[in-house]
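A short write-up of the structure that comes next.
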Amino acid sequence: MGKADKGSARNRLAGAAYEEEIVRDINRLELFVEVGRSSTLNKDLDRKKLDIIPVDADLFDEFIYRIQAKSTTKLVPYPKLLKDLKDNFDGIPVVFHKKTVRVAPERYLTEGRYAIMDEKDFLSIVADLERYKSGYDVLSQYWDSISDEEQPIAHKQLNKLGL
């Protein structure tokens, strides 16, 4: 195996490992449909540079984030990557970037992990979050007006959401 082959293999393994980390992190939240790596679930979407997708293809539209993952020592051309995702898919394009630094010939350490998106999408998500928080505050004020039969159901749902 030549030096270039060795580097390419390392980069593929690093990229796959990073995608697996993202999948675990998203699935651990239990807020979305179960996701997985497109390289194992849908080769066509993988070729189109969409890296994280729902495990169940019928639920594609239920997970609105269109994620491309990069693990690299270099800066990523995120304006181009975001544009490509937006041009090819409906939803919110996000570039996940694991920035690494080389500390020895065969050793890399994580310098930082980032999620990069359009400002408009970020502000929309923040606005939604604040509306939902305000809605939860309103719900809390009227908790006693929910019937005794419905309170345990609502309590269970809120607990599942961590509220």
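The values are calculated or read from the model by the stated rules, or taken from the named source; none is laboratory data. In this text the structure is predicted, and so the values were computed from the model without any measurement. Every residue, glycine as well, gets a Cβ built from its backbone with ideal geometry; the counts of neighbours run over all protein chains shown.
Has the range 120-138 got any residue that is farther than 27 Å from V94 by Cα and either basic (K, R) or touching a Leu at 6+ places or on another chain (Cβ under 9 Å) (or both)? Yes - at least one qualifying residue is present in the range 120-138. Just one of the listed residues (K43, K49) is under 26 Å from E119 (Cβ atoms), outside the structural domain of L158 (by TED's automatic domain parsing) and among the basic types (K, R), namely K49. On the given criteria, is K133 touching a Phe, Trp or Tyr at 6+ places or on another chain (Cβ under 6 Å) and either within 24 Å of E20 (Cα to Cα) or of a type in the set (K, R) (or both)? So K133 fails the test.
Checking each residue of the range 99-112 against the condition of being farther than 18 Å from N11 by Cα and over 13 Å from the mean Cα position of the chain (by Cα) gives no match.
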